[in-house]
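The structure appears right after this line, and notes come after that.
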Amino acid sequence: MSWTKSVCAQEQTQTPPKVVQLDPDEVTTMIASSGSLAGHAKRHFRSANVVHGFSSPQDSVTWTVIAPQEDDYVVDVLFSKKGQVKLEVSSGDSVLTAPSMIKTWEYRPFFWRQELSGTLHLKAGENQITFRLPDEKPESASQRDDTEETPRFGQGVTEKFHLFSIELGTASARQAQAERALAIRGDASWMVDGKYGIFVHWSAQSRGFHIDEKRADWFQKSVEMFDVNVFADAIERTGAAWVTFTATHQGFYWPGPNAALDKIAPGRTAERDLLGEIIDELDRRGIRTLFYLHTGYNGYAPEVWREAVGANDPDTTRFSDNIESILRECSLRYGKKLKGFGYIDGAQAWDYPLKPSWEGWARAIKAGNPDALVGFSFNRGTTVSPFNDLYVTDGGKELLSPDPQLIGPGRQLGDVTPAWWFLMDHEGWFPNQPFHGKHGLGPVHSTEEYVDFFQRMAAAKIPVTVNLIMTADVTDDHEIFHPKCTAVMDEVRIAIRAK
């Protein structure tokens, strides 16, 4: 059996396969690349957690698992494959097989979760669990295509089989987890009633209208100069019922006090409580606030932060605990005025492989407000956890709607409130190039198309959050949003609010 690279997408050093300790009260995730690879099975050179190359029954992934007691486990497989193949998960004489499910929805997820029928019996102590495709016919070297496929994993459904992970949990543990998640479910009715909100990526990599450098290079100045009234005026003009504001994106810099973050990596917080001032001013105007969080896996100099937070540790418990402590500190500071973390980015692609405590993160977000909403993004995949309140994906520029067949208990995206998050500006989510005193191209679609979309979504009771590119220097000497985007939102406001 060959060694494979680490479970972390960021880790590039060679490490031996890990022994997995099963938690009897939880669902345990086993990332594909953390097992031992046999035959032609290999780690994907771009998607580090993914294994492909299953071209014969001898191509497999095997994990060494320690079970606390003899028991039966329900097994889920997370994978991507256009055509149908036979899946097999085995441990000793216990074998589960099933034909793979076929994607029946048009859009995302591009990789999905399938629960296999029956249960896998494990003995107390050490077990070997193997995944393979038992009916694959061996290929000759000339037939085997070792090149990377198009579309690549996560960008579309792959032609050949790609394994992301398998999940193990007893039936009782799964039921208890679902019941605990339901017991702390946040109330999203106000988003349905409010119809739409604004999303801003005030990123560490954002540029100012008059400042070319990345905001991380002038972080403290950006916090000090931020004019909350200018921001609130611009938001109020759009008619938004809420704002999803960036607590941190692509470089873990926090525009306010956070003692938990100071303990992990000093110098990344601000003395001015800008987040609190924004919440208070928007609340005074009847506009609610959610936060956006990105755990700092890429962007502005992520290496130092990832080491400090524990994302590179062999045991990633410290990473999970540190993010949980930051979230709890934030929730307790702002209490019921903070309506939750509506968008935690990269939760599926980056955080899931590090096996965080989703329940711990959700409870931390709700520590100061039991009704706070949790939005763990599944990006281009399936849901990460039942401890999720909102449909959260990178909707890009598309004026689309969640597919109802994906939402509900036991379905791909879970028992969540349907919602839609998308961007309006041609340039994307945030200004990562200098403005040079001039806004970019503006809206992707026509005003009529946006108005029609917002009206259709309001009628369907699906809350919409639209991202507008915002200058990193929020002052009164320039418009912080593109004037053409503001003009579109004027028409949306009139159509939806009748004012």
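So here's what we get for this one:
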| item | result |
| --- | --- |
| Per residue value of the accessible surface for segment 350-499 (all protein chains in place, 1.4 Å probe), Å² | 36 Å² |
| Full-stretch length increase - R456, T64 - with 0.36 nm per residue and alpha-carbon distance subtracted | 136.0 nm |
| Pairwise centroid distance, computed over Cα atoms, of segment 390-408 with segment 45-87, Å | 27 Å |
| Hits among aspartates and glutamates - C-alpha to C-alpha of K461 under 13 Å, sequence gap 8 or more where chains match | D193 |
| Whole-percent pair-distance distribution, where bins are 10 Å wide, for the alpha carbons of segment 270-392 | 13, 43, 34, 9, 0 |
| Distance in nm between pseudo-label sites at W218 and D477 (7 Å out along the Cβ direction from Cα) | 1.0 nm |
| E224 - accessible surface, heavy atoms, 1.4 Å probe, Å² rounded to 10 | 130 Å² |
| Average projection area in nm² (convex hull over Cα atoms of segment 322-441, one quarter of hull surface) | 9.1 nm² |
| Per residue accessible area in Å² of segment 137-264, where ligands, DNA and RNA are left out and the probe is 1.4 Å | 39 Å² |
| Where labels lie 7 Å past Cα in the beta-carbon direction, separation of W105 and A183 in nm | 2.9 nm |
| Cross-link reach list, lysines versus K336, counting only Cα pairs under 22 Å and skipping chain neighbours closer than eight places | K195, K366 |
| Linear extension gain, M225 paired with K123, 0.36 nm per residue minus alpha-carbon span | 30.6 nm |
| Carbon and sulfur %, accessible surface of segment 286-331 computed with the full protein complex present, 1.4 Å | 49 percent |
| Percent accessible area from carbon and sulfur atoms, segment 347-499, protein chains only, probe 1.4 Å | 52 percent |
| Cα shape, segment 245-301, gyration tensor, a/c 1.5 rule | oblate |
| Residues A498 and D283, FRET efficiency given R0 of 30 Å [Cβ-Cβ distance, rounded to 0.05] | 0.80 |
| Accessible area of K499 in the full protein assembly, 1.4 Å probe (Å², nearest 10) | 150 Å² |
| Cα-Cα P(r), the chain, percent of pairs per 10 Å interval | 4, 19, 29, 25, 15, 7, 1, 0 |
| Long-range tail of P(r) for segment 363-499 (Cα pairs > 19 Å, %) | 59 percent |
| Share, in percent, of DSSP beta bridges within the chain that are antiparallel, nearest 5 | 60 percent |
| Calculated FRET value between Q21 and T486, using beta carbons and R₀ = 60 Å, to 0.05 | 0.65 |
| Potential extension, A259-H436 segment - 0.36 nm per residue separation minus Cα distance | 60.1 nm |
| Calculated over segment 82-142: convex hull of Cα atoms, volume per residue (Å³) | 139 Å³ |
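The values are calculated or read from the model by the stated rules, or taken from the named source; none is laboratory data. Since the model is a prediction, treat every value here as computed from it, not as a measurement. Neighbour counts run over all protein chains shown; Cβ positions are idealised from the backbone, glycine included. We work out accessible area using only protein heavy atoms, side chains counted, and drop any ligands, DNA or RNA first. Shrake-Rupley method; radii C 1.70, N 1.55, O 1.52, S 1.80 Å.
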